[in-house]
């Protein structure tokens with residue numbers, strides 16, 4: 001018996017040593033299996049972003065080690081993440097792609113494309129504007145704490161307070177990066193400096209108990225049942241939040257305000273990417289990244305001009321039916337949009353009614369769009385107002401993905417700064433783009449994928465995501481959800497917006513258009529109000545190339561669908577086409593085209609057997 005025990009102990013020790021060696025090899029060297037490498041890469045990347053972990057909510061409560069932390073914003077950390085991408089790309093290329101099955105090659109190609117983009121960005125790693133009027137850290141951080149950080153227990157509340165106390169550190173790291181950019185001649189546009197200063201001044205204008213960071217925390221706290229938290233604990237937690245806002249958050253904002261006040265005299269221009277160091281090469285990279293294509297800025301510009309002309313003709317026909325035949329398309333659309341029956345009043349009641357109407361639109365299409373889809377997400381979507389503190393410079397609408405554990409649904413955020421800016425005939429198209437069957441379908445279906453590496457459920461490519469959402473607008477029209485001529489005009493107005501983006505974005509960053517020239521072009525063609533157009537143009541200036549993704553993505557998805565129809569004829573099935581587009585997660589469009597080609601070939605083979 002002793003001998004058996006000794007042998008068993010020896011075998012167990014050997015097994016443990018082998019397992020330990022295997023774990024160490026997987027962590028520090030090329031893992032023996034590609035899936036292990038994927039897991040390692042995602043784990044390492046996720047650990048570097050506690051804010052993303054909070055958004056995904058993939059960890060059980062007992063493993064939550066990140067909810068009291070904020071992302072590192074130092075230049076050193078940015079360099080660390082670039083080095084991680086380089087190392088990961090080199091490791092990936094050490095695996096033999098030819099040994100993988102079709103799904104394995106899809107994962108390989110997707111990650112390879114993503115990592116290569118990151119590596120190619122190295123010459124331009126300082127070319128962004130981390131503090132900007134659209135989605136800068138100064139507004140994104142409070143939005144994250146309000147919208148994403150859950151408060152369902154005393155521990156959650158204490159983590160929230162800890163995060164508030166980390167705001168000075170975060171802003172100090174942010175300022176370090178801003179100064180580094182300034183030293184390299186990368187200074188934000190003049191309008192950006194002016195607008196973020198006004199935004200940040202507004203952030204600290206009210207008493208701490210009136211600040212959104214306090215008010216939203218109290219609202220979350222009030223939802224905790226009385227039996228789970230006593231009154232004294234609630235009072236103490238609220239007092240700590242008030243103190244953190246007053247003693248940590250406000251001084252952090254004052255420090256950032258002081259930096260931008262000193263920067264203001266140096267920000268004298270509103271020019272595009274061409275004005276930055278190595279600006280033409282930077283913009284060419286932006287075009288490749290956001291379109292996931294080899295298109296040149298000139299090719300994108302030419303496509304935009306052609307699409308503006310086509311969409312303009314369709315809009316003109318509808319406007320003439322409405323008795324509007326004089327003036328530019330844009331001027332006539334504005335005339336129609338200004339009619340009282342097309343606007344919700346800028347009152348609390350008007351805003352509530354508008355939000356309710358958006359929800360009705362989503363519920364309606366959700367109950368009927370199944371005839372075009374086999375797969376549907378189990379996670380729901382709801383409509384909420386963009387936080388008032390951010391609405392002045394926020395877009396008209398945007399989507400925020402739900403959590404992986406199902407505790408937070410997808411949210412379609414609508415801008416209520418002035419409901420009249422969005423005429424009623426545009427509302428359907430906005431809801432279809434941001435919600436169903438647009439971003440919500442695409443993102444939620446990807447989150448619910450199984451039997452794929454986890455990175456495939458979270459990775460993102462702008463042309464795929466925005467191309468699908470714009471395609472969804474067209475699909476809703478094709479499925480009969482915009483039978484009214486004015487609703488169709490709203491769809492065309494949004495398609496015109498995406499078409500003019502191709503012209504204006506390349507105009508600003510490649511052809512040296514001025515801000516004013518871009519605003520004038522969009523006003524003439526889209527029919528949007530000047531305030532909205534100005535916000536759009538300023539968005540393009542601080543985020544080069546992103547606006548190109550919508551139309552270029554839609555054009556390629558439509559081309560894939562048309563190719564499939566021509567190849568399959570009567571055997572073409574719209575549901576199955578959508579299955580192929582949505583059931584693999586976000587993909588570079590070149591990879592998606594291979595997926596569709598494979599599907600066409602399989603369908604042909606089945607029919608001939």
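Below are the figures for this structure:
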item	result
Failed condition for residue 582, given (1) at pLDDT below 95; (2) crowded, with 17+ Cβ neighbours inside 10 Å	(1)
Complete set of residues in the stretch 472-481 that are part of a helix (DSSP H, G or I) and either touching a residue at least 24 places away in the same chain (Cβ under 8 Å) or surrounded by fewer than 18 Cβ atoms within 10 Å (Cβ to Cβ) (or both)	472, 473, 474, 475, 476, 478
Filter pass, residue 188 being touching a residue at least 24 places away in the same chain (Cβ under 8 Å), buried (at least 17 other Cβ atoms within 10 Å of the Cβ) and either outside any helix (DSSP H, G or I) or assigned by TED's automatic domain parsing to the domain that holds residue 543 (or both)	yes
Conditions (1) assigned by TED's automatic domain parsing to the domain that holds residue 302; (2) buried (at least 21 other Cβ atoms within 10 Å of the Cβ); (3) at negative phi; number of the one not met by residue 545	(3)
Positions within the stretch 38-70 being surrounded by fewer than 16 Cβ atoms within 10 Å (Cβ to Cβ) and assigned to a loop (DSSP other than H, G, I, E, B), in sequence order	48, 60, 65
Checking residue 174 against (1) under 26 Å from residue 63 (Cα atoms); (2) buried (at least 17 other Cβ atoms within 10 Å of the Cβ), the condition it does not meet	(1)
Hey, residue 436 assigned to a strand (DSSP E or B) and closer than 17 Å to residue 360 by Cα or not	no
Long-range neighbours under 7 Å by Cβ, at least six apart or interchain, first residue assigned by TED's automatic domain parsing to the domain that holds residue 541 within the stretch 499-525, second modelled with pLDDT under 95 and not in a helix (DSSP H, G or I)	522/528; 524/328
So residue 115, is it at pLDDT 95 or above, under 22 Å from the mean Cα position of the chain (by Cα) and closer than 30 Å to residue 153 by Cα	no
Residues satisfying the stated conditions in the stretch 289-333, i.e. touching a helix residue (DSSP H, G or I) at 6+ places or on another chain (Cβ under 8 Å), under 30 Å from residue 116 (Cβ atoms) and free of Cβ contacts under 8 Å to residues at least 24 places away in the same chain	294, 296
Single unsatisfied condition, residue 338 versus (1) farther than 30 Å from residue 544 by Cα; (2) modelled with pLDDT of 95 or more; (3) surrounded by fewer than 16 Cβ atoms within 10 Å (Cβ to Cβ)	(2)
For residue 143: the one exception among (1) over 22 Å from residue 57 (Cα atoms); (2) in a helix (DSSP H, G or I)	(1)
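The values are calculated or read from the model by the stated rules, or taken from the named source; none is laboratory data. What you see is a predicted model, and the numbers here were worked out from it, not measured in a lab. Cβ atoms come from the backbone with ideal geometry, glycine included; neighbour counts cover every protein chain shown.
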